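Undergrad: Below is a structure I'd like to ask you about.
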Amino acid sequence: MTRLRSRVAAAAIAILAVAFSAGVPAFAQTPQASKLRVVSVLADGQRNVSLVLRLDADSPTPVPTTVFTVSPRAKNDPVKVSRRGAQGLDLMLVYSTSTPDAVVRGVRTASAELLLRVPSGSRVGVAGSTDDVLSTDTAATVLALDRVRTDRTIEELLTEGLTLFEHSPKVAGRNPSLILFDVGPYPYTAETIRPIQARAVANDVAIYVVRLKDGRTPNKVLDELAAKTGGTVSVADDPSQLGAAAGHALADAQSRYDLRFKLPEPAPEQVQVTAKRGDVTTSTTVALPASVSRAVEVDVPPDTVTLVVMAGAIGTVMLFGVFARIWVGLQHPDE
C-alpha cells in the first residue's frame, strides 16, 4: 500500500511538473523581430540594385551588416551592406514659435537634447534661424534654437529647411533627415503639402513628425508626408516628453541600411530580403522596378552584335562565291 501511495504521489508530481513547464512559455517574453521597411529601390540595366531598408528597432544600437541576405541574386556576388548615418547625419529641425510659451520651451529643450546626441561630425541646422545653414558646430546650432523667426509659417519653415538641403553639398552615405515638431494648428491640405513632399522625395530627405498630443485632431496630411518620405510619426503626451519622442526619430534615422547586389539573369520581378539576429528572423518581399527585367531582356552585349554582323558578312561572301561558280558553269558548259 505504501508503494502504491508513493507511485501515485510521484505520478502526481510528474504531471504537475509537465503542466508547469508547458505553461511557462506562455508567460515568458520572446524576442520580437524588427520589421524591415523599404525606403527606396534603385536599379540599372546591368542588374545592379541599391536597396535602402529601414530596420525598425527598439534601440539605436546598430546590427552587424552580415545579418542581411538577399535571394535571388547573382552567384559569387556578395551583398554589400552599409549603415547610413553611421558616419554622421544631415539633420534639420523645424518648429513654429506661434504656440504657447510652455510648448515652445519644451520644443527647444527637446531639440537641444537631440543635438547633443547626434553622432560626431553631423551637420545640423534649425530652419528659420539667423544661422540659416547646415553646420557641424553643434553648440552654435543649440544657440540658434532661440533665434527662430516668428514671422514664418510652418509651411515656409519647411520650405526653407528643404532649400538648405538642396544647396548643401551631398555627403555620401548620409541620410538627410528633417524633424518637424507638430505642436500647433497647421491647416495643411494635400494640395499645400504636395510640393513639399515632392521636393523631399527628390532630395532623399526623410521627414519625421514629432507630435504633441494636446487635444488637437491629428493632421493626417502630416502623417502621409512622413510615410511618403520614409519618416515616422512619434507622439508625446506633454511637452516634457517631446525629447523622448524626438529620440525615436533620431534612432530611426540611424537604422537605415543600404544593400547593394547584382541580380541573376534573367532578372526576377522581386527579391526576398531577410535579417537574422540570433534566433530572431524577419523578412520582406521587395518588388523590383519593371525597367530592370525589360532592360535585361532587350540589352544585347556589343560583342554579340559584332559577331552576328561578322557572321552575316562571311555568309554573304560565301554565298556570292557559290553563285558565281554556278553562273560561270552555265556560261561555259563544255569547259
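The values are calculated or read from the model by the stated rules, or taken from the named source; none is laboratory data. Because the structure is predicted, anything quoted here is derived from the model rather than measured. Cβ coordinates were reconstructed from backbone atoms using ideal geometry, including for glycine residues, and neighbour counts include every protein chain displayed. Surface accessibility is based on the protein's heavy atoms, side chains included, excluding ligands, DNA and RNA. Shrake-Rupley method; radii C 1.70, N 1.55, O 1.52, S 1.80 Å.
Undergrad: In the range 118-132, what residues are touching a residue at least 60 places away in the same chain (Cβ under 8 Å) and either open to solvent by less than 20 Å² (accessible area, probe 1.4 Å) or in contact with a Leu (Cβ under 6 Å, 6 or more places away or on another chain) (or both)?
TA: Scanning the range 118-132 gives a single hit, 118.
Undergrad: Scan (1) open to solvent by less than 30 Å² (accessible area, probe 1.4 Å); (2) in contact with a Leu (Cβ under 8 Å, 6 or more places away or on another chain); (3) not hydroxyl-bearing (Ser, Thr, Tyr) for the single condition residue 230 breaks and write down its number.
TA: The one condition residue 230 does not meet is (2).
Undergrad: Which residue, of 229, 159, is among the polar types (S, T, N, Q), closer than 22 Å to residue 89 by Cβ and touching a strand residue (DSSP E or B) at 6+ places or on another chain (Cβ under 8 Å)?
TA: Of the residues listed, the single one that is among the polar types (S, T, N, Q), closer than 22 Å to residue 89 by Cβ and touching a strand residue (DSSP E or B) at 6+ places or on another chain (Cβ under 8 Å) is 229.
Undergrad: Same structure, new question: Within the range 256-267, work out how many residues are at pLDDT below 90 and more than 16 Å from the chain's Cα centre (by Cα).
TA: Total meeting the criteria: 3.
Undergrad: If you don't mind, another one. Are any residues in the range 149-182 of a type outside the set (Gly, Ala, Ser), closer than 15 Å to residue 114 by Cβ and in contact with a Gly (Cβ under 8 Å, 6 or more places away or on another chain), and if so, which ones?
TA: The answer is 178, and nothing else.
Undergrad: Name the one entry in 59, 6 that is within 29 Å of residue 137 (Cα to Cα), modelled with pLDDT under 50 and exposed (fewer than 15 other Cβ atoms within 10 Å of the Cβ).
TA: The unique qualifying residue is 59.
Undergrad: Right, something else. Which count do you get for residues in the range 211-228 that are within 21 Å of the chain's Cα centre (by Cα), modelled with pLDDT under 90 and under 16 Å from residue 154 (Cβ atoms)?
TA: Residues that pass the stated criteria total 0.
This table checks each residue for (1) surrounded by 14 or more Cβ atoms within 10 Å (Cβ to Cβ); (2) at pLDDT 90 or above; (3) within 26 Å of the chain's Cα centre (by Cα).
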| site | (1), (2), (3) |
| --- | --- |
| 148 | yes, yes, no |
| 180 | yes, yes, yes |
| 184 | yes, no, no |
| 196 | yes, yes, yes |
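Undergrad: Tell me yes or no: at least one residue of the range 235-242 is among the β-branched types (Val, Ile, Thr), assigned to a strand (DSSP E or B) and surrounded by fewer than 17 Cβ atoms within 10 Å (Cβ to Cβ).
TA: There is at least one residue in the range 235-242 that is among the β-branched types (Val, Ile, Thr), assigned to a strand (DSSP E or B) and surrounded by fewer than 17 Cβ atoms within 10 Å (Cβ to Cβ).
Undergrad: If you go through the range 74-81 one residue at a time, do you hit one that is over 23 Å from residue 203 (Cα atoms), among the hydrophobic types (A, V, I, L, M, F, W, C) and at pLDDT 95 or above?
TA: No, the conditions are met nowhere in the range 74-81.
Undergrad: Looking only at the range 76-117, filter to residues that are among the aliphatic types (A, V, I, L, M) and open to solvent by 50 Å² or more (accessible area, probe 1.4 Å); which one of those is farthest from residue 152 (Cα to Cα)? Walk me through it before giving the result.
TA: Step one: list which residues in the range 76-117 are among the aliphatic types (A, V, I, L, M), which gives 79, 81, 86, 89, 91-94, 102-104, 107, 110, 112, 114-116.
Cutting the leftovers down to open to solvent by 50 Å² or more (accessible area, probe 1.4 Å) gives us 102, 116.
Details: 102: 19, 116: 26 Å.
Once the filter is applied, the top-ranked residue is 116.
Undergrad: Quick check on my filter: what residues within the range 243-257 are within 17 Å of residue 124 (Cβ to Cβ) and not polar (S, T, N, Q)?
TA: Those that are within 17 Å of residue 124 (Cβ to Cβ) and not polar (S, T, N, Q): 243, 246, 247, 249, 250, 251, 252, 253.
Undergrad: Out of all the residues in the range 165-178, which are within 13 Å of residue 91 (Cβ to Cβ), open to solvent by 20 Å² or more (accessible area, probe 1.4 Å) and either over 22 Å from the mean Cα position of the chain (by Cα) or modelled with pLDDT of 90 or more (or both)?
TA: None; the set is empty.
Undergrad: Collect the residues in the range 150-163 that are surrounded by fewer than 20 Cβ atoms within 10 Å (Cβ to Cβ) and in contact with a helix residue (DSSP H, G or I) (Cβ under 9 Å, 6 or more places away or on another chain), keeping them in residue-number order.
TA: Residues of the range 150-163 that are surrounded by fewer than 20 Cβ atoms within 10 Å (Cβ to Cβ), as a first pass: 150-153, 155-156, 159-160, 163.
152, 155, 159, 163 - these are the residues of the range 150-163 that are surrounded by fewer than 20 Cβ atoms within 10 Å (Cβ to Cβ) and in contact with a helix residue (DSSP H, G or I) (Cβ under 9 Å, 6 or more places away or on another chain).
Undergrad: Just give me the residues in the range 199-225 being touching a residue at least 24 places away in the same chain (Cβ under 8 Å), small (Gly, Ala, Ser) and part of a helix (DSSP H, G or I), in sequence order.
TA: Passing the criteria: only 200.
Undergrad: Right, another one. Of 316, 306, which residue is at pLDDT below 50, over 33 Å from the mean Cα position of the chain (by Cα) and polar (S, T, N, Q)?
TA: The match here is 306.
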